[in-house]
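Following: one structure in structure tokens, then a few remarks.
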Amino acid sequence: MEGRLSGRKALVTGGDSGIGRAVVLAFARQGADVAFVYNSDDRSAAATAGEVEEIGRRCRAIRADVGSEPDVVRVWQEALGALGGIDVLVNVAGVEQRGAWEDFALDDWERILRTNLTGSFLMIREGLRRGALRKGSRVVNTGSIQGFEGSADDPAYSSSKGAIHAMTKSLAKYLVDRRILVNCVSPGPVDTPMLRDQTPKLLAGSEQYPLGTASPDQIAQSYVFLASAAGDCFTGTILAPTAGKVVAS
């Protein structure tokens, strides 16, 4: 039986852990070959690549900094060389650091925006420059519920995610005539290392999120949907699996 992404070739950033890893594996299970970018954890990356290969799909793990222009150029070179093409670009890589606005260091602000926002921009721009993203291609970015409503103690992360929402809508309008579909998945709390480190209280549940904390595997299904034929009528959409909390898009 063919999967929903049979014949597709995907490039995923942040693919060694959390949501990114779940997306890599979900895509492979649905029939896609996958290249993914990771920042530093060689062991986790090797384990993820091994699981993809056990599923029977091709995989390439690429160590790189998505906020570095030369690294992004190399990522696309390696991914295209390994898979022969890319049909779906998924930007998941992100970092977070909480703190008071008046105490927040400029270096931390710039580091977070460089990874979360500039990294997504560089990945998209290089794919367009190479002509790898073409008619029928998909781009799926990663926002956050904090991109809708902000967070009092998370200035750079919230700002970066709100900007990703706007970037998604802008790019979707720019590429609609080329029939390249651009969307964004913006989840509520997800049980990832980032959440456990930054906001562990959410893991215990909250009245704000009546459906509870999602697993990365649950969130990955939103990416599969947008990358598959089921997402053919979606572009410029911010898909928000926010565990029952209503947000204004």
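The values are calculated or read from the model by the stated rules, or taken from the named source; none is laboratory data. Computed from a predicted model, the values in this text were never measured in an experiment. Glycine gets a Cβ as well: all are built from the backbone with ideal geometry, and neighbour counts include every protein chain shown.
Restricting to the stretch 36-63, count the residues that are surrounded by fewer than 20 Cβ atoms within 10 Å (Cβ to Cβ) and among the aliphatic types (A, V, I, L, M).
So the answer is 3.
Which is outside any loop (DSSP other than H, G, I, E, B), modelled with pLDDT of 95 or more, in contact with a strand residue (DSSP E or B) (Cβ under 9 Å, 6 or more places away or on another chain) and surrounded by fewer than 23 Cβ atoms within 10 Å (Cβ to Cβ), of E110, E78, E126? Reasoning before the result, please.
Working: E110 fails: in contact with a strand residue (DSSP E or B) (Cβ under 9 Å, 6 or more places away or on another chain); E126 fails: in contact with a strand residue (DSSP E or B) (Cβ under 9 Å, 6 or more places away or on another chain).
One residue alone meets the criteria, E78.
For the stretch 66-75, filtered to residues that are of a type in the set (D, E, K, R) and closer than 28 Å to G7 by Cα, the residue that is surrounded by the most Cβ atoms within 10 Å (Cβ to Cβ) is D71.
Only residues in the stretch 1-15 that are within 11 Å of V88 (Cα to Cα) count as the first member; pair them with residues that are at pLDDT below 95 and outside any loop (DSSP other than H, G, I, E, B), Cβ under 6 angstrom, at least 6 apart or cross-chain, and list the lot. Between residues of the stretch 1-15 that are within 11 Å of V88 (Cα to Cα) and residues that are at pLDDT below 95 and outside any loop (DSSP other than H, G, I, E, B), there is no close pair. Among the residues making up the stretch 158-173, those that are more than 14 Å from the chain's Cα centre (by Cα) and farther than 12 Å from S144 by Cα are A166, K169, S170, L171, A172, K173. Would you pick out the residues in the stretch 7-34 that are among the charged types (D, E, K, R) and either within 16 Å of the chain's Cα centre (by Cα) or not in a helix (DSSP H, G or I) (or both)? Across the stretch 7-34, the qualifying residues are R8, K9, D16, R21, D33. For V92, the conditions (1) crowded, with 23+ Cβ neighbours inside 10 Å; (2) assigned to a loop (DSSP other than H, G, I, E, B); (3) in contact with a Leu (Cβ under 9 Å, 6 or more places away or on another chain) all hold with the exception of (3). Cβ-Cβ distances below 6 Å connect the following pairs, each with a first residue in the stretch 142-166 that is within 21 Å of A214 (Cα to Cα), a second residue that is basic (K, R) and not in a loop (DSSP other than H, G, I, E, B), and a separation of six or more residues or different chains: G143/K161; S144/K161; Q146/K161; G147/K161.
Within the stretch 25-54, being under 19 Å from T115 (Cα atoms) and of a type in the set (A, V, I, L, M, F, W, C) holds for A35, F36, V37, A45.
Considering the stretch 129-139, and only residues there that are over 15 Å from the mean Cα position of the chain (by Cα) and not in a helix (DSSP H, G or I), the residue that is surrounded by the most Cβ atoms within 10 Å (Cβ to Cβ) turns out to be L133. When the stretch 176-216 is examined, which residues are found to be surrounded by 13 or more Cβ atoms within 10 Å (Cβ to Cβ), touching a Gly at 6+ places or on another chain (Cβ under 9 Å), in a helix (DSSP H, G or I) and at pLDDT 55 or above? Result: V176, M194, L195, P216. Checked against the criteria, V88 does not count as in contact (Cβ under 8 Å) with a residue 24 or more places away in the chain and out of contact with any Lys or Arg (no Cβ under 7 Å at 6 or more places or on another chain). Evaluation of A46 against the conditions (1) in a helix (DSSP H, G or I); (2) within 24 Å of V185 (Cβ to Cβ) shows that the sole unmet condition is (2).
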